[in-house]
Amino acid sequence: MLAADALSDRAARLAALRAGLFERPARVSPKFFYDAQGCALYSAICELQEYYPTRTEAAIFERHREEIARHLPRGAQWVDLGCGDGAKSWPWLEAVGARRWVGVDISPQWLRISLQAGTGRFPGMALAGVATDFTRPLRLQRVLARFDAPPVFFYPGSSIGNFTPDEALALLRSMREHLGRDGRLLIGVDGLKERHVLEAAYDDALGVTAAFNLNVLRVVNRELDADFEPRRFAHRAQFNARESRIEMQLVSRETQVVRIGAAERRFDAGEAIVTEYSYKYAADGFAALLRDAGFGALQHWSDERGWFHVFVAAA
Ligand code: AVI
């Protein structure tokens, strides 16, 4: 990317962040969660007893890895979307005899960490990192064309749930357009379940998710020269059954005026900033979304309770 593009990109992202804070209700895109502190807090969330998605998906992968691998091309280039530290990829590279790993993440810190880990673990494997924001269509054709092997797009962790169904459809379409005849998508998505299980997962007893949510105010302060005080907001996570999503918000504890750059924004007591949606899908609902995105053959695995779903999809 040219430096000028990167600058205008950043300016556009910050303008959208600022505009969202002046909407009613105010909103902040969840992509702003992931500064260094936010990444560390998210890693801690994944270890929480209440946060079942990470370990439920890991158990499905452990149990069915060989069978799933039989539905994926051998010698593939493994494209880890939202790679984080890359750890979820490593066992797959062995299982499918991958020849190249391409980490894609919005966070340059994570890319640095995962590339270092991959180099140590797989000396001789081709590795590449791409810093990009999934809220825009993926443009990985050039990176993938540098290597002659079908891609496997790996999108675990129910990250697809942080997009609205329309946005998810657009992102899935954009993935499908990269796959060609032999490429595959391997994706994990959180299932629908009882409200109390869902709400506990997003409002844990130790307050780690609350800290993760409140940390976004520090990101906003830094990025927009604002003076939000995290103590004056409360974390809220509620399941909206009609929309089939967890809604995370930051609720103003009192009436207050916050400076955002040169402007001011008043928040009434009880007024909320929407920070994240996390959509939950029944297996057939997600299969329908994949079909709408143009995927053909689908395979599906789940845990005994049907809490989490893993799909392999072919274009
Ligand atoms: C990254 N994403 C899939 C997480 C989720 O479950 O929606 C983010 C998260 N938010 C709160 N806890 C975890």
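The values are calculated or read from the model by the stated rules, or taken from the named source; none is laboratory data. Predicted, not measured: the structure shown is a model, and the values here were computed from it. Note that we place each Cβ from the backbone using ideal geometry, even for glycine, and neighbour counts take in every protein chain shown. In case anyone asks, the SASA skips ligands and DNA or RNA and just uses the protein heavy atoms, side chains included. Shrake-Rupley method; radii C 1.70, N 1.55, O 1.52, S 1.80 Å.
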For Gly207: the one exception among (1) surrounded by fewer than 17 Cβ atoms within 10 Å (Cβ to Cβ); (2) more than 13 Å from the ligand (Cβ to nearest atom): (2)
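Name the single residue, out of those in the range 180-194 being part of a strand (DSSP E or B) and more than 11 Å from the ligand (Cβ to nearest atom), that is farthest from Ser29 (Cα to Cα).
Initial filter on the range 180-194 (part of a strand (DSSP E or B)): 184-191.
Now narrow it down to the ones that are more than 11 Å from the ligand (Cβ to nearest atom): 184-187, 191.
Values: Arg184: 29, Leu185: 25, Leu186: 25, Ile187: 22, Gly191: 23 Å.
The selected residue is Arg184.
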Of the criteria (1) within 13 Å of the ligand (Cβ to nearest atom); (2) open to solvent by 20 Å² or more (accessible area, probe 1.4 Å), which one Ala234 fails: (1)
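Among the polar types (S, T, N, Q), in contact (Cβ under 8 Å) with a residue 24 or more places away in the chain, away from the ligand (no atom under 16 Å from the Cβ) and closer than 26 Å to Pro30 by Cα: which single residue out of Ser174, Ser159 fits that description?
Only one candidate qualifies: Ser174.
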Scope the range 181-194; condition open to solvent by 10 Å² or more (accessible area, probe 1.4 Å) and of a type in the set (Val, Ile, Thr); matching residues: none
Residue list for the range 267-289, filter: buried (at least 21 other Cβ atoms within 10 Å of the Cβ) and either away from the ligand (no atom under 14 Å from the Cβ) or farther than 30 Å from Pro230 by Cβ (or both): Phe267, Ile273, Tyr281, Phe286
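Quick check on the range 146-169: of everything there that is part of a loop (DSSP other than H, G, I, E, B) and more than 19 Å from Leu192 (Cβ to Cβ), which residue is least open to solvent (accessible area, probe 1.4 Å)? Before you say what the answer is, go through the steps one by one.
If we filter the range 146-169 for residues that are part of a loop (DSSP other than H, G, I, E, B), which is where we start, we get 146-150, 156-158, 163-164.
With more than 19 Å from Leu192 (Cβ to Cβ) added as a condition, the list becomes 146-150.
Numbers: Arg146: 168, Phe147: 49, Asp148: 144, Ala149: 14, Pro150: 39 Å².
Checked the range 146-169; the qualifying residue least open to solvent (accessible area, probe 1.4 Å) is Ala149.
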Within the range 199-252, work out how many residues are touching a strand residue (DSSP E or B) at 6+ places or on another chain (Cβ under 7 Å), within 22 Å of Arg24 (Cβ to Cβ) and of a type in the set (D, E, K, R). 5
Residue in the range 252-259 that is in contact (Cβ under 8 Å) with a residue 60 or more places away in the chain and either more than 16 Å from the ligand (Cβ to nearest atom) or not small (Gly, Ala, Ser) (or both) present: no
Which of the helices (runs of 4 or more DSSP H) found entirely inside the range 1-91 contain at least 3 residues meeting this: over 26 Å from Val258 (Cβ atoms), modelled with pLDDT of 95 or more and away from the ligand (no atom under 16 Å from the Cβ)? 52-70
So Val197 clears everything in (1) surrounded by fewer than 18 Cβ atoms within 10 Å (Cβ to Cβ); (2) under 26 Å from Arg99 (Cβ atoms); (3) within 16 Å of the ligand (Cβ to nearest atom) except one condition, right? Which one? (2)
Any residue at all in the range 98-107 that is part of a helix (DSSP H, G or I), open to solvent by less than 70 Å² (accessible area, probe 1.4 Å), away from the ligand (no atom under 16 Å from the Cβ) and touching a residue at least 24 places away in the same chain (Cβ under 8 Å)? no
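Go over the candidates Phe295, Phe308 one by one and state the one that is within 16 Å of the ligand (Cβ to nearest atom), within 30 Å of Glu62 (Cβ to Cβ) and open to solvent by less than 60 Å² (accessible area, probe 1.4 Å).
Only one candidate qualifies: Phe308.
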When the range 6-42 is examined, which residues are found to be within 17 Å of Ser278 (Cα to Cα) and touching an Asp or Glu at 6+ places or on another chain (Cβ under 8 Å)? Pro30, Lys31, Phe32, Phe33
